[in-house]
Amino acid sequence: MSDINFEKMISNDPRTAYEMLIDQFGGYVYTIAVSKLGGIASKEDIEDCVSDIFVEVYSNLNKYSPSKGEIKVFIGNIAKRRAIDTFRKMSYRNGITVSADDEDTNIGMLSAENDTESEAENNMLRKKIWDSVRSLGEPDSNIIIYQYFYRMNIKDIAKKLLMSADAVSKRSQRARQKLKTMLEI
């Protein structure tokens, strides 16, 4: 859906627009939260942060306009800001002191301008991996995404995909082998 159509949906039916946001950008937001909180937060803390992010997105939907940029950027900025705030609060609660230099390293932010080249290489590698996973087809791509992107266990994936745990485990094993072959250079 284009950002302009999405803006119209926000004004006509904000609840449906919000549900579409969660469906379309849930994985993106979760990835941001994990990248910022992965070393300090539990899975439940990360999920709470993701929920808080979407509440903040919903509260600020009236401030979104396609003329200011893409909806993905709008959501990404809120997600990064909220995840960093959560990181700081958790660090403080746990008695961990974080300097500005440590914070850049700990929460995955760029620490120097010359990191742009390595970031670009990482982005290209991520895209190649993502394309390879998507090319596995259903249900293998879903199994890998749920297992590694959402960090779900085999039993939960089996319930979600209406499969047996053994079948999910075997398909995961085969899919990982296919990915290994696809990604070898």
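For first residues located in segment 157-173 and assigned by TED's automatic domain parsing to the domain that holds Glu138, partners that are polar (S, T, N, Q) and assigned to a helix (DSSP H, G or I) and lie 6+ apart or on another chain with Cβ distances below 9 Å form the pairs Ile157/Asn142; Ile157/Gln147; Ile157/Ser172; Ala158/Ser169; Lys160/Asn142; Leu161/Asn142; Val168/Gln147; Ser172/Gln147.
Would you call Leu61 touching a Pro at 6+ places or on another chain (Cβ under 8 Å) and either at pLDDT 70 or above or not hydrophobic (A, V, I, L, M, F, W, C) (or both)? The answer is yes for Leu61. Give all pairs with beta carbons closer than 7 Å in which a residue from segment 66-86 that is without any contact (Cβ under 8 Å) to a residue 60 or more places away in the chain meets a residue that is part of a helix (DSSP H, G or I) and among the acidic types (Asp, Glu); count only pairs at least 6 apart in sequence or on separate chains. Close Cβ pairs satisfying both conditions: Ile78/Glu56; Arg82/Asp52; Arg82/Glu56. Here is the figure for segment 32-55: residues that are farther than 12 Å from Ile75 by Cβ and among the β-branched types (Val, Ile, Thr) total 4.
Among the residues making up segment 12-37, those that are under 14 Å from Lys80 (Cβ atoms) and surrounded by 15 or more Cβ atoms within 10 Å (Cβ to Cβ) are Phe25, Val29, Tyr30, Thr31, Ile32, Ala33, Val34, Ser35, Lys36, Leu37.
The values are calculated or read from the model by the stated rules, or taken from the named source; none is laboratory data. Here the structure is a predicted model, which means the values were calculated and not measured. FYI the Cβ positions are ideal-geometry reconstructions off the backbone, even for glycines, and counts take in every protein chain you see.
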